[in-house]
Amino acid sequence: MATIQILVGSVYGGALLTARAIKKELESEGHQIAVLENPVLDDITSNNAPLLVCTSTTGQGELPPNLLPFYLALRDQLPQQPGRPFGIIVLGDSSYGDTFCGAGELMEEALYETSARKIGETLRIDALETMEPEADALPWVRAWLEQV
Ligand SMILES: Cc1cc2nc3c(=O)[nH]c(=O)nc-3n(C[C@H](O)[C@H](O)[C@H](O)COP(=O)(O)O)c2cc1C
């Protein structure tokens, strides 16, 4: 049993649906999952639950507008959370070349600066390869949870 906070960044809903699919699946197994669609810093500083970023990439390797304020506050205030586990699922499209899944890198760098601890490899989901991001995300999350 684990309590997980999912930080969602999504423009067209793909990453949000993925986060909701993760919540549904894991809650059926007794875990507690909070899907934060418009996260603010207080959501994470008031507890020490593992963090799962589930975001798409927009612009040129940028974060979706709903996650951007959280990211900027995190970079600005850098609330230290040594050892706090986090994982990253990032949606992108490899036809964007160098900026492929760039939003995941932004979140990773910011969380590292708070001394949080990354668990597992980042899951990059390529829209060119799959129409069902949750099909990739669910097995990845299971493996991730075992390491948290
Ligand atoms: C305007 C726009 C800009 C995008 N920019 C990038 C990008 O820089 N890098 C990338 O990997 N994907 C990029 N994408 C692809 C999206 O990240 C991808 O389609 C993703 O699955 C969308 O998820 P969402 O439905 O949660 O927003 C872009 C898509 C759009 C429409």
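The values are calculated or read from the model by the stated rules, or taken from the named source; none is laboratory data. Predicted model, so just to flag it, every value in this text is computed and none were measured. Cβ atoms come from the backbone with ideal geometry, glycine included; neighbour counts cover every protein chain shown. Protein only, heavy atoms only, side chains kept; ligands, DNA and RNA dropped before computing areas. Shrake-Rupley method; radii C 1.70, N 1.55, O 1.52, S 1.80 Å.
Numerical summary
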| quantity | calculated |
| --- | --- |
| Single residue of Ile88, Ile22, Ile33, Ile6 found to be β-branched (Val, Ile, Thr) and outside any strand (DSSP E or B) | Ile22 |
| Top-ranked residue in the range 14-42 [being open to solvent by 20 Å² or more (accessible area, probe 1.4 Å) and near the ligand (Cβ under 9 Å from one of its atoms); ranked as nearest to Leu68 (Cα to Cα)] | Leu16 |
| Residue satisfying all of: in the range 94-122; open to solvent by 40 Å² or more (accessible area, probe 1.4 Å) and in contact with a Leu (Cβ under 8 Å, 6 or more places away or on another chain); farthest from the ligand (Cβ to nearest atom) among these | Glu113 |
| Residues located in the range 91-121, provided they are over 12 Å from the mean Cα position of the chain (by Cα) and either assigned to a strand (DSSP E or B) or modelled with pLDDT under 95 (or both) | Gly92, Arg117 |
| All positions within the range 1-13 that are within 15 Å of Phe86 (Cα to Cα) and either open to solvent by less than 10 Å² (accessible area, probe 1.4 Å) or basic (Lys, Arg) (or both) | Ile4, Ile6, Leu7, Val8 |
